[in-house]
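Below: one structure, written as C-alpha cells.
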Amino acid sequence: MGKGLGFNGTLFQKIVISYTYVAIWIFLSFTVIIFNKYILDKKMYDWPFPISLTMIHMGFCSSLAFLLVRVFKFVEPVGMTRELYMSSVVPIGALFSLSLWLSNSAYIYLSVSFIQMLKALMPVAVYSIGVMLKRETFKSQTMANMVGISVGVAIAAYGEAKFDSWGVLLQLGAVCFEATRLVLIQILLTSKGISLNPITSLYYVAPCCFVFLSIPWCLIEYPKLALKATATSDYDFVVFGMNSACAFALNLSVFLLVGKTSALTMNVAGVVKDWLLIAFSWSIIMDQVTTVNLIGYGVAFLGVCYYNHAKLQAMKAKETQKKASEPDEEIGLLEQNKNRDDENLALGRKADAQA
C-alpha cells in the first residue's frame, strides 16, 4: 500500500510538473504575440517596423545565448564545423529570418484572431513540403486531412470582417518559410545526428538571422527610422527590453516543454493557446470575430486534432514495434554468446589435447 501511494504521488507530481510547463509556455507565447501586436499596430504603440523589432529580438537572444553557452556553460555547444555551418545553419537561418519578418509584418494588417486561424495551415505546409522533398510518404488519407484543414481556413478567411489581402499574403509566406525551415532541420541537421535545443539554436541561428535581416533593414526601414529619430529621440527601452526578454524566455520554455514532455504535447498546447488568443482578441482587443470565422476555424481545428491523433498513434505503433523487437535482439545476443562460449570451450579442449 505504501508503494502504491508513493507511485501515485510520483505520478501526480509528474502530471503537475508537465501541466506547469505547458501553462508557462502558453503564457509566454500568448504574451509575446500580444506584445508584438501592441508594438506594431498603428492603433496601439504605433511602431510599425517589423524588421527592426525582429532584429532587436535576435540581437538580444544572440547575446544571452552566448553568455549561457560560452560564459556560464549552461549547455554544451554542438560540434559545428565551418562547412556544416555554411551548408546547414545558414539556409535555416535565412528561412527563419524571413518567417519572423513576414509573421511580425502581418500583425500590422491583420487581427490576432485571424492570424491564429491562418497558422492552422502549418501542418498542411509541413506535410506538403515534406512530400515534395521526399521526407514524408504521400498518403491519400493524410492528404484528405490536409485538404479539410485548408477548407476550414478558407471558410474562416471568407468570413473575416477586416480581410486584408496583403496581410494574408504575408502570413501565408511566413507559414511556408517556417514549414520549409522545419523540414530542412530534419534534412540538414537531424539526418547528420545533430540536435539543437532552443538555446544552442539561438546561439548558432540568431546571429545568422540578424545578418540576413540587416540587408532589408538598410533598404526599407533604416531611412524611415532615421527620419523618425530626427523628429523625436524618445525610445522606450523598457518596452523593447521587456519584449525581447519575453521572446528569449519563450525559447527557454520551449526547451523545458519539449525536454520534459514531447513535441506532440507542444502541438496540443498550441491548439489551446490559439483558442485563448481568439477569445482574448475578441473580448479584450475588441477584434471582430464572425460566426463564419468560428465555423471555419472549427473545421480546421478538428482537422488539426485528427492530425495530432494520427501522429500519436503512429508514435505508439513505432514504440510497440521497437519493444517487440527488443526480445528478439536479446535472444539473438544470447545465442551469439552461447555459440561464442561453445567455440571457446572447443578451442580450450583442443588446446588441452595438443598439450
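Here are a few things to note about the model shown:
- The modelled label-to-label distance for the pair LYS323/GLN186, using points 7 Å beyond Cα in the direction of Cβ, is 2.5 nm.
- Those chymotrypsin sites (Phe, Trp or Tyr not before Pro) in the range 62-122 that DSSP places in a loop and that have at most 16 other beta carbons within 10 Å: PHE72, PHE74
- Cβ-derived FRET efficiency at R0 25 Å, VAL272 paired with TYR45, nearest 0.05: 0.35
- For ASP287, the amide hydrogen comes within under 5 Å of the amide hydrogens of TRP282, counting only partners 5 or more places away or on other chains and with H modelled in the peptide plane.
- Here the calculated FRET efficiency for PHE163 and PHE66, from their Cβ-Cβ distance with R0 = 35 Å, stands at 0.25, rounded to the nearest 0.05.
- Normalised alpha carbon radius of gyration of the range 107-200 [divisor 2.2 N^0.38 Å]: 1.24
- Three-way shape call for the range 12-353 based on the alpha-carbon gyration tensor, with the a/c threshold at 1.5: prolate
- Fully extending the segment from ILE17 to LEU172 would add 52.3 nm, taking 0.36 nm per residue of separation and subtracting the current Cα-Cα distance.
- Computed with a 1.4 Å probe over protein heavy atoms only, the accessible surface of the range 12-353 comes to 55 Å² per residue.
- The range 175-247 versus the range 276-297: alpha-carbon centroid distance in Å: 29
- Pairs over the 28 Å Cα-Cα cut-off, from the set LYS273/LYS311; LYS273/LYS322; LYS14/LYS318; LYS134/LYS192; LYS73/LYS323; LYS119/LYS228: LYS273/LYS322; LYS73/LYS323; LYS119/LYS228.
- Once the chain from THR10 to SER195 is taken as fully extended at 0.36 nm per residue, the excess over their C-alpha distance is 63.6 nm.
- Of all accessible heavy-atom area on the range 12-353, the percent that carbon and sulfur account for (1.4 Å): 67
The values are calculated or read from the model by the stated rules, or taken from the named source; none is laboratory data. All values reported here derive from a predicted model rather than from experimental measurement. Note: ideal-geometry Cβ built from the backbone for every residue, glycine included; neighbour counts use all protein chains shown. Keep in mind that these areas ignore ligands, DNA and RNA; they rest on the heavy atoms of the full protein, side chains included. Shrake-Rupley method; radii C 1.70, N 1.55, O 1.52, S 1.80 Å.
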